[in-house]
C-alpha cells in the first residue's frame with residue numbers, strides 16, 4: 001500500500017504499472033461527462049488513469065487527504081476527502097472518497113474507488 005501511495009503521489013506511471021496485476025478488478029462509476037473515468041482492466045490501463053487525471057485537471061489544485069487507513073490481510077481501505085479543478089471548465093469538484101484495494105502476490109488485483117461522482121461530472125460540464 002505504501003508503494004502504491006508513493007507512486008501515486010509522485011505520478012510514477014511506470015511504477016504503478018508494476019504494482020498493478022496483469023488483470024485488475026477496477027470499479028469506478030462511469031460517467032460520459034468525465035473523460036478520465038472509464039472501464040479499465042489491465043495494469044497499463046489502470047496506471048494510465050493517473051496520467052489522464054493530470055491531463056484533464058489542474059495539478060496545482062489537486063488535493064487529497066486520507067483520514068482512515070484500514071488493513072485486513074490482503075485488503076485495504078482508505079477513506080478521506082479529495083478536491084480539484086477541471087482544466088477545460090475551470091470548475092471545482094470536491095467530496096469524500098473511499099478506495100478499496102486488494103494486493104495479492106505483491107500486486108494490486110482490486111481497485112474500487114467510490115467518490116462524489118456528481119460533483120466531478122458537474123465540474124466537467126461546461
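The values are calculated or read from the model by the stated rules, or taken from the named source; none is laboratory data. Nothing here was measured: the structure is a model prediction, and the numbers come from that model. Here Cβ is always computed from backbone atoms with ideal geometry, including for glycine, and neighbour counts include all displayed protein chains.
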If you scan region 5-17, which residues turn out to be surrounded by 14 or more Cβ atoms within 10 Å (Cβ to Cβ) and more than 11 Å from the chain's Cα centre (by Cα)? 7, 12, 13, 15, 16, 17
Given the residues 71, 34, which is the only one that is touching a residue at least 40 places away in the same chain (Cβ under 8 Å) and in a loop (DSSP other than H, G, I, E, B)? 34
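What about residue 67, is it more than 26 Å from residue 123 (Cα to Cα) and at pLDDT 95 or above?
Taking the combined requirement at face value, the residue does not satisfy it.
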Being over 24 Å from residue 14 (Cβ atoms), modelled with pLDDT of 95 or more, surrounded by fewer than 16 Cβ atoms within 10 Å (Cβ to Cβ) and out of contact with any strand residue (DSSP E or B) (no Cβ under 8 Å at 6 or more places or on another chain) is true for just one of 90, 80. Which residue is that? 90
Which of the residues that make up region 31-56 are exposed (fewer than 15 other Cβ atoms within 10 Å of the Cβ) and within 17 Å of residue 100 (Cα to Cα)? 39, 41
Checking residue 18 against (1) within 15 Å of residue 104 (Cα to Cα); (2) in contact with a helix residue (DSSP H, G or I) (Cβ under 9 Å, 6 or more places away or on another chain); (3) part of a strand (DSSP E or B), which single condition isn't satisfied? (3)
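Does residue 61 satisfy the criteria of being touching a strand residue (DSSP E or B) at 6+ places or on another chain (Cβ under 7 Å), modelled with pLDDT of 90 or more and farther than 17 Å from residue 113 by Cβ?
Values: touching a strand residue (DSSP E or B) at 6+ places or on another chain (Cβ under 7 Å): yes; modelled with pLDDT of 90 or more: yes; farther than 17 Å from residue 113 by Cβ: yes.
Against the criterion (touching a strand residue (DSSP E or B) at 6+ places or on another chain (Cβ under 7 Å), modelled with pLDDT of 90 or more and farther than 17 Å from residue 113 by Cβ), residue 61 qualifies.
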Based on this model, can you work out whether residue 54 counts as over 25 Å from residue 23 (Cα atoms), outside any strand (DSSP E or B) and out of contact with any strand residue (DSSP E or B) (no Cβ under 9 Å at 6 or more places or on another chain)? no
Working only within region 104-126, note down all residues that are assigned to a loop (DSSP other than H, G, I, E, B) and more than 13 Å from residue 28 (Cα to Cα). 105, 106, 125, 126
For residue 101, all conditions in the list (1) part of a strand (DSSP E or B); (2) loosely packed, with under 15 Cβ neighbours inside 10 Å hold save one; what is the number of the exception? (2)
